[in-house]
Each structure stands twice: as C-alpha cells, then as structure tokens.
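Notes to accompany the following structure.
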Amino acid sequence: MRLQFDYAFAGVQRVIGILLMIFSTAMLGPAIVGAIYGDGQIPAFVASFAITVVAGCIIWWPTRNARRELKIRDGFLVVVFFWFVLSLFGALPFILVTTPQISITNAVFESVSGLTTTGATVLTELDYMPHAILFWRVLLHWMGGMGVIVLAIAVLPMLGVGGMQLYRADTLGPVKTSKLTPRIRETAKMLWYLYVSLTAASALLFWLAGLSPFDAISDAFSAIATGGFANHDQSIGYHDSALVELISIVAMLLGATSFSMHFAIWRSANPLDYWRDFETRMLWIMAAGATALATVVLLAHGTYTDPGTAIIRALFQVVSIGTTTGFTTTDYSVWPSFLPMFLILGSFVGGCAGSTTGGMKVVRVVLLAKQGLREIRRLVHPSAMFPVKMGEQVVANRVVHAVWGFFSVYITVYVVLFLILLGFNLDPVTAFSAVAATLNNLGPGLGDISSTMTSLPALAKWVLCVAMLLGRLQIFTLLVIFTPTFWRH
C-alpha cells in the first residue's frame, strides 16, 4: 500500500513541477513591460522567473519517469496543491521589487487576490506604481480567470497524463461536467481561444474610447477575468468617461456569462441564443432589476439629480459587484440607505456557472429558490409531484440535493470565517464584508476596507487568503481532501 501511495503521489508531483515551470514563463511579461517603461524592476521579475523555474525542475526531476494516468483523486490533489503553490510563487515579484517595499504577508495576499480574481488589494498609491507591478497584478487576474489548470490541459498530452480529471476538479459545479468538444484538450483550447478573443476585443474598445494602450490592456484583462485590479486608486472612475464605463459593463457581463454559452453563440452565429439560455437570461434580469432599484434609491435620496447619471452609476456598480469584479466609479460604501449592503449581498449570487466569476453562481441560487417554492407547494398538496425545472428542462433531484449541500457548506464556512474575523476585534460591518469580499472573490468591502485591506491585522489577511482560495475552488474542491473518505482506496 505504501508503494502504491508513493507512486500515485509521484504522478501528482510530476504534474505540479511541470505546471510550475510553465507558470514561471509568465513572469517574463512584466519584465518586458518594465524594460519598455524603464521602471527599473526587471531584476525582480527575472529573479522570480529563475527561482520558480528551478523550483519546478526540482519538484519534477525525481518523478520525471512517473507516467501514470491521473485518477479523479489525483486531479483534486493537483488542483489544490497547485493553487497554493502558485499563490506562493506568484508573490515572489512583490517581495523582490525595490519600489514599493511590500511585506511577505501583503505580497502573498496580493498574489492570492490576483490569481483568484478577487481584486482585494493591500497596495496604495497605484498611480505611482511601477508599470511592471501593475501589469503583474492584472496578468495574475487574467491567468486565474479562466484557470491556469485549464490552460495546462491544452498541453497535458505532452505531460503524459489525462486532462479530464483536472478539468472536473478545477471546474466543479452543477452543470460543468459536459465538454464542448469530444476531446478535453480541444475543449481547453477552444475556451482559451474565446478568452483571448474577448480580451483582445475589449482592449481594442477601451483604446478606441481614449485609454492609453497600457490601461486598455490592463482594464481588459481585469474586466474579462471579472477580477477588479485597476491601475489607478480611483479604479475605473479615474477615466471619468461614461463610454469607458459602458465598455466595462459589457466586458464584465461577457466574463460573467458561461464560456460554454459563448462557444454555442460562436458556433450558431445567433446572439439571440443568449436570451434563450435560462441562466444567462436570469443574470440579465437580476442585473436589470437591481439597477432599477438602485437608481430609484439614488434619485430619491438626492445622491444624483440627473437620471442618466444615476442609471449609469447604478448599472455599473450593480454589474461590477454582482459579477464579483469589484471595479468602482465612486465610493458606493457611502451610498444611502440599504444599497451598500444590498450590493454586497448580491455578490453571493455571482455570475453563470462556467464563467470567470466567484459567488455561488446564478444557477445554484435559482435552484435554491425553486426548491423552496416546491416545498411550500408540497405543504398544500403533500401527494403531488412538482418537478424542479430550469427553463423547459427538468432538474434531477440529485442535482437539487447537491446544490442544497453546497449552500449549507458555503454558509457554514462563511459564518466560521466571520466569527474568526470578529476575534481580531474588527467591527461587524468590516468583518461581514471582508468575508463576503474574499469568499465570493469580490474585492472591495465596507467599513474599514471600503478602499483597501491594508489596515487589517496580518493574521486576518492570512485567514482571508484561505477564504479567497476556498471561493476560487468552490469550497468542496479544497475541503474534500480533508475527508477520510477521500484517502480511502
């Protein structure tokens, strides 16, 4: 039994080593940006690249001959360990740069926030930050948005392991086990072709709207990845452009839509299919309803007197927070009445399954609501059969039960993390929003963290790093490896 475990672990170790070496090449991008803008931070990224590629070689070399097909359990181990390892090595450039001086805690927090597309930051004075650092932040977003694991699946035949186990482990969800193409490698390639194309189109629109090439590319990376890192302290509000805000809204909604749906639209060449898809339609309806409510409140309280301005501000923040992107055009935490908490609660919904967003996903929330209504109807008609439907499709009870299980674990984890943060003497609003901002991969919060999370205690930041990873891995992917059943043969 010991030999079998060692052999299985060797296969996992081999994959992690190769993936880490692949990840190291991304660090050369910011080095090139630093050379273009003369930031003087090239050595930090070159050193980070060298350390990461050497570490990957050290991990891979002892197991280079371990060629064994990955099982489902191995896929979970690769995904979990790789996200943790990736976060640590992604922090190296932040640690090694000379300007600004960033502590290890803050460096790891920024790295985890970037890769998980959370967008919560501990950095200030972004307008004076070296371009290389700014580009590394959004590049982490962009890689984490679709998932580095999915990128690696495209080259897994080279690694000598199967890709479906990694795909299922990294895209755990209620409707994510189907493939777009017969071969998983082709599926991963198609996802990335779509991802790159949407990013390029967004960057072009931002540039045509008047942004500099650097800001256009950076904002496109963040928007499509629904991440939220920006190059300026005022986020998208820095540009003071309604056109830029509208482009951002479209890009965020594209990132929040299932990429399987994008593929279907590309194949059918009929954009009306977006509306015919139940989950996408519900996302738009929720966004429209929340925008209408927010607009009425803003106008009623006199926050904005011009209806056009109120609508665009409300729409931007509803889409930004609802898709767990976290861009801002104004400090929404000081908006009147219940709006700030209403928006934070909206981040629990997130976007569509198969998108780059965080949160519980629209499909799960809708299924929870439908199941609740079914139970109410059963009270009136105990013997009747009431199937749960998504559009015209009947949802199996097994899926409904799985969604309820996910919801119960999600809320339990949230409560535990909330109580832990209260133990650091944070006020309830700050603690509540900090957990929501990290577990939902949102970014900005309320109270003391409405702009940055710099003021939080160091230990609280480490707790929130775990929260961000839990949210990115959809909780079950991480928690499952701590169960005795997982380790039984």
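At least 3 residues that are at pLDDT 50 or above, in contact with a His (Cβ under 9 Å, 6 or more places away or on another chain) and among the charged types (D, E, K, R) in each: list the helices (runs of 4 or more DSSP H) lying fully within region 122-199 that qualify.
Fully inside region 122-199 and qualifying: nothing.
For THR291, indicate whether it is modelled with pLDDT of 90 or more, more than 28 Å from VAL334 (Cβ to Cβ) and within 25 Å of the chain's Cα centre (by Cα).
The answer is no for THR291.
Inside region 329-345, can you point out the residues that are touching a Pro at 6+ places or on another chain (Cβ under 8 Å) and either surrounded by fewer than 21 Cβ atoms within 10 Å (Cβ to Cβ) or modelled with pLDDT under 90 (or both)?
Listed by number, the residues that qualify are SER333, VAL334.
Inspect all residues belonging to region 108-126 and state whether any of them is acidic (Asp, Glu), touching a Phe, Trp or Tyr at 6+ places or on another chain (Cβ under 7 Å) and surrounded by 17 or more Cβ atoms within 10 Å (Cβ to Cβ).
yes
Could you tell me whether ALA220 is crowded, with 17+ Cβ neighbours inside 10 Å, of a type outside the set (S, T, N, Q), within 19 Å of the chain's Cα centre (by Cα) and modelled with pLDDT under 95?
Taking the combined requirement at face value, the residue does not satisfy it.
Please work out which residue is farthest from THR324 (Cα to Cα), limiting yourself to region 246-260 and to residues that are of a type outside the set (Val, Ile, Thr) and in contact with a Ser or Thr (Cβ under 6 Å, 6 or more places away or on another chain).
Within region 246-260, the match that is farthest from THR324 (Cα to Cα) is SER258.
Restricting to region 459-482, and then to whatever is at pLDDT 95 or above and β-branched (Val, Ile, Thr), can you tell me which residue is farthest from the chain's Cα centre (by Cα)?
Here the answer is VAL463.
Condition first: touching a Gly at 6+ places or on another chain (Cβ under 6 Å) and β-branched (Val, Ile, Thr). Now tell me which residues in region 417-441 satisfy that.
Once the filter is applied, which keeps residues that are touching a Gly at 6+ places or on another chain (Cβ under 6 Å) and β-branched (Val, Ile, Thr), region 417-441 yields VAL429, THR430.
Output the residue which, of all residues in region 457-489 that are without any contact (Cβ under 8 Å) to a residue 60 or more places away in the chain and among the aliphatic types (A, V, I, L, M), is nearest to GLY351 (Cα to Cα).
Per the stated criteria, the residue is LEU470.
Enumerate the helices (runs of 4 or more DSSP H) found wholly within region 223-313, keeping only those where 1 or more residues are crowded, with 23+ Cβ neighbours inside 10 Å and touching a Cys at 6+ places or on another chain (Cβ under 8 Å).
Once the helices (runs of 4 or more DSSP H) in region 223-313 are filtered for at least 1 residues that are crowded, with 23+ Cβ neighbours inside 10 Å and touching a Cys at 6+ places or on another chain (Cβ under 8 Å), what remains is 242-256, 278-300.
Among GLY255, GLY326, GLY322, which is the only one that is within 25 Å of ARG472 (Cα to Cα) and touching a Pro at 6+ places or on another chain (Cβ under 6 Å)?
The match here is GLY326.
The values are calculated or read from the model by the stated rules, or taken from the named source; none is laboratory data. Keep in mind it's a predicted model, so treat the numbers as computed, not measured. Glycine also receives a Cβ, built like all others from the backbone with ideal geometry; neighbour counts cover every protein chain displayed.
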